[in-house]
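S.K.: Handing you a structure now.
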(Lines give C-alpha, C1' and ligand atoms only; values in the text may rest on other atoms or scores of the structure.)
Protein backbone atom coordinates (compact mmCIF):
# COMPACT_ATOMS: atom_id res chain seq x y z
CA UNK A 1 0.00 0.00 0.00
CA UNK A 2 1.20 3.47 -0.87
CA UNK A 3 0.13 6.79 0.51
CA UNK A 4 1.43 10.17 -0.49
CA UNK A 5 0.53 13.79 -0.15
CA UNK A 6 2.29 16.35 -2.29
CA UNK A 7 1.89 20.11 -2.46
CA UNK A 8 1.76 21.14 -6.12
CA UNK A 9 1.80 24.89 -6.92
CA UNK A 10 -0.56 25.83 -4.11
CA UNK A 11 -3.02 23.01 -4.74
CA UNK A 12 -3.46 19.89 -2.67
CA UNK A 13 -2.62 16.64 -4.40
CA UNK A 14 -3.69 13.59 -2.50
CA UNK A 15 -3.15 10.09 -3.76
CA UNK A 16 -5.17 7.66 -1.68
CA UNK A 17 -4.17 4.23 -0.44
CA UNK A 18 -3.86 1.81 -3.30
CA UNK A 19 -2.14 -1.31 -4.50
CA UNK A 20 -0.51 -0.22 -7.73
CA UNK A 21 -0.56 -3.76 -9.09
CA UNK A 22 -4.35 -3.99 -8.82
CA UNK A 23 -5.84 -0.51 -9.17
CA UNK A 24 -4.53 2.88 -10.20
CA UNK A 25 -4.17 5.47 -7.44
CA UNK A 26 -7.16 7.59 -6.53
CA UNK A 27 -5.89 11.17 -6.74
CA UNK A 28 -7.36 14.61 -6.26
CA UNK A 29 -5.90 18.06 -6.68
CA UNK A 30 -8.11 20.60 -4.96
CA UNK A 31 -7.30 24.15 -3.91
CA UNK A 32 -8.38 25.33 -0.46
CA UNK A 33 -11.03 27.59 -2.03
CA UNK A 34 -12.40 24.74 -4.18
CA UNK A 35 -12.51 22.48 -1.13
CA UNK A 36 -14.31 25.07 1.04
CA UNK A 37 -16.89 25.78 -1.66
CA UNK A 38 -17.52 22.08 -2.40
CA UNK A 39 -17.69 21.11 1.28
CA UNK A 40 -20.16 23.87 2.18
CA UNK A 41 -22.33 23.19 -0.87
CA UNK A 42 -22.35 19.47 -0.08
CA UNK A 43 -23.31 20.02 3.55
CA UNK A 44 -26.06 22.47 2.55
CA UNK A 45 -27.51 20.08 -0.07
CA UNK A 46 -27.37 17.20 2.41
CA UNK A 47 -29.13 19.30 5.04
CA UNK A 48 -31.87 20.29 2.59
CA UNK A 49 -32.40 16.67 1.48
CA UNK A 50 -32.38 15.27 5.02
CA UNK A 51 -34.90 17.94 6.07
CA UNK A 52 -37.36 16.55 3.48
CA UNK A 53 -37.26 12.93 4.71
CA UNK A 54 -39.98 13.40 7.37
CA UNK A 55 -42.32 14.64 4.61
CA UNK A 56 -41.89 11.37 2.69
CA UNK A 57 -41.07 8.73 5.30
CA UNK A 58 -42.11 7.69 8.76
CA UNK A 59 -39.34 8.91 11.05
CA UNK A 60 -38.81 8.73 14.79
CA UNK A 61 -39.99 11.64 16.95
CA UNK A 62 -36.29 11.96 17.81
CA UNK A 63 -35.34 12.62 14.16
CA UNK A 64 -33.50 15.93 13.92
CA UNK A 65 -31.22 17.61 11.40
CA UNK A 66 -28.92 20.49 12.29
CA UNK A 67 -26.12 22.18 10.36
CA UNK A 68 -23.87 24.86 11.80
CA UNK A 69 -20.23 25.88 11.42
CA UNK A 70 -19.28 23.04 9.09
CA UNK A 71 -20.93 20.29 11.14
CA UNK A 72 -24.05 18.41 10.03
CA UNK A 73 -25.72 16.30 12.72
CA UNK A 74 -28.57 13.89 11.95
CA UNK A 75 -30.27 12.19 14.88
CA UNK A 76 -32.13 9.20 13.41
CA UNK A 77 -33.53 7.75 16.64
CA UNK A 78 -32.41 6.61 20.07
CA UNK A 79 -32.25 3.04 18.75
CA UNK A 80 -30.26 3.76 15.57
CA UNK A 81 -28.11 6.66 16.68
CA UNK A 82 -26.65 9.80 15.14
CA UNK A 83 -24.77 10.64 11.96
CA UNK A 84 -22.21 13.44 12.04
CA UNK A 85 -20.61 14.81 8.87
CA UNK A 86 -18.12 17.59 9.31
CA UNK A 87 -15.55 19.59 7.42
CA UNK A 88 -11.89 18.95 8.17
CA UNK A 89 -10.39 21.96 6.41
CA UNK A 90 -6.71 21.26 7.23
CA UNK A 91 -7.02 17.86 5.51
CA UNK A 92 -9.50 19.07 2.88
CA UNK A 93 -11.82 16.22 3.79
CA UNK A 94 -15.33 15.53 4.97
CA UNK A 95 -15.41 13.25 7.98
CA UNK A 96 -18.34 10.94 8.63
CA UNK A 97 -19.33 9.26 11.86
CA UNK A 98 -22.00 6.67 11.08
CA UNK A 99 -23.90 4.62 13.69
CA UNK A 100 -23.85 1.72 11.19
CA UNK A 101 -20.40 1.78 9.60
CA UNK A 102 -18.32 3.91 11.96
CA UNK A 103 -15.88 6.68 11.06
CA UNK A 104 -14.69 7.44 7.52
CA UNK A 105 -12.75 10.28 5.88
CA UNK A 106 -13.73 11.46 2.41
CA UNK A 107 -11.60 13.24 -0.19
CA UNK A 108 -13.00 15.27 -3.08
CA UNK A 109 -12.21 13.31 -6.26
CA UNK A 110 -13.82 14.23 -9.59
CA UNK A 111 -16.53 16.22 -7.76
CA UNK A 112 -17.46 13.28 -5.48
CA UNK A 113 -16.53 12.64 -1.87
CA UNK A 114 -14.68 9.29 -1.91
CA UNK A 115 -13.36 7.12 0.94
CA UNK A 116 -9.88 6.03 -0.14
CA UNK A 117 -9.88 2.66 1.64
CA UNK A 118 -12.71 1.20 -0.43
CA UNK A 119 -13.30 3.87 -3.12
CA UNK A 120 -16.96 4.15 -2.09
CA UNK A 121 -18.49 7.59 -2.47
CA UNK A 122 -20.27 9.26 0.44
CA UNK A 123 -23.53 9.47 -1.52
CA UNK A 124 -23.47 5.70 -2.15
CA UNK A 125 -22.81 4.85 1.48
CA UNK A 126 -25.53 7.18 2.77
CA UNK A 127 -28.02 5.85 0.22
CA UNK A 128 -27.32 2.25 1.25
CA UNK A 129 -27.43 2.92 4.99
CA UNK A 130 -30.53 5.15 4.96
CA UNK A 131 -32.38 2.64 2.76
CA UNK A 132 -31.56 -0.03 5.34
CA UNK A 133 -32.57 2.15 8.31
CA UNK A 134 -35.88 3.25 6.78
CA UNK A 135 -36.56 -0.01 4.89
CA UNK A 136 -37.28 1.75 1.60
CA UNK A 137 -35.71 2.27 -1.80
CA UNK A 138 -37.18 5.80 -1.85
CA UNK A 139 -33.91 7.36 -0.68
CA UNK A 140 -31.15 8.47 -3.03
CA UNK A 141 -28.35 10.82 -2.06
CA UNK A 142 -26.69 10.85 -5.50
CA UNK A 143 -28.00 14.27 -6.51
CA UNK A 144 -27.90 15.63 -2.98
CA UNK A 145 -24.24 15.85 -2.09
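The values are calculated or read from the model by the stated rules, or taken from the named source; none is laboratory data. In this text the structure is predicted, and so the values were computed from the model without any measurement. A quick note on method: Cβ atoms are made from the backbone with ideal geometry, for glycine too, and the neighbour counts reach across all protein chains shown.
S.K.: Can you find a residue in segment 9-19 that is within 24 Å of residue 98 (Cα to Cα), modelled with pLDDT of 95 or more, surrounded by 13 or more Cβ atoms within 10 Å (Cβ to Cβ) and touching a strand residue (DSSP E or B) at 6+ places or on another chain (Cβ under 9 Å)?
M.R.: no
S.K.: Can you tell me which residue is nearest to residue 46 (Cα to Cα) among those in segment 102-127 that are loosely packed, with under 15 Cβ neighbours inside 10 Å and in contact (Cβ under 8 Å) with a residue 24 or more places away in the chain?
M.R.: Ranking the candidates gives 111 first.
S.K.: Mind checking whether some residue in segment 22-42 is outside any strand (DSSP E or B), in contact with a strand residue (DSSP E or B) (Cβ under 9 Å, 6 or more places away or on another chain), more than 21 Å from residue 95 (Cα to Cα) and modelled with pLDDT under 95?
M.R.: yes
S.K.: If you don't mind, another one. Residues 46, 57, 2: which one is within 18 Å of the chain's Cα centre (by Cα) and either at pLDDT 50 or above or surrounded by fewer than 18 Cβ atoms within 10 Å (Cβ to Cβ) (or both)?
M.R.: Numbers: 57 fails: within 18 Å of the chain's Cα centre (by Cα); 2 fails: within 18 Å of the chain's Cα centre (by Cα).
Just a single option satisfies the conditions, and that option is 46.
S.K.: Then there is this: Out of segment 104-134, which residues are part of a strand (DSSP E or B) and closer than 22 Å to residue 36 by Cβ?
M.R.: So in segment 104-134, the residues part of a strand (DSSP E or B) come out as 104-109, 112-115, 120-121.
Listed by number, the residues that qualify are 104, 105, 106, 107, 108, 109, 112, 113, 114, 115, 121.
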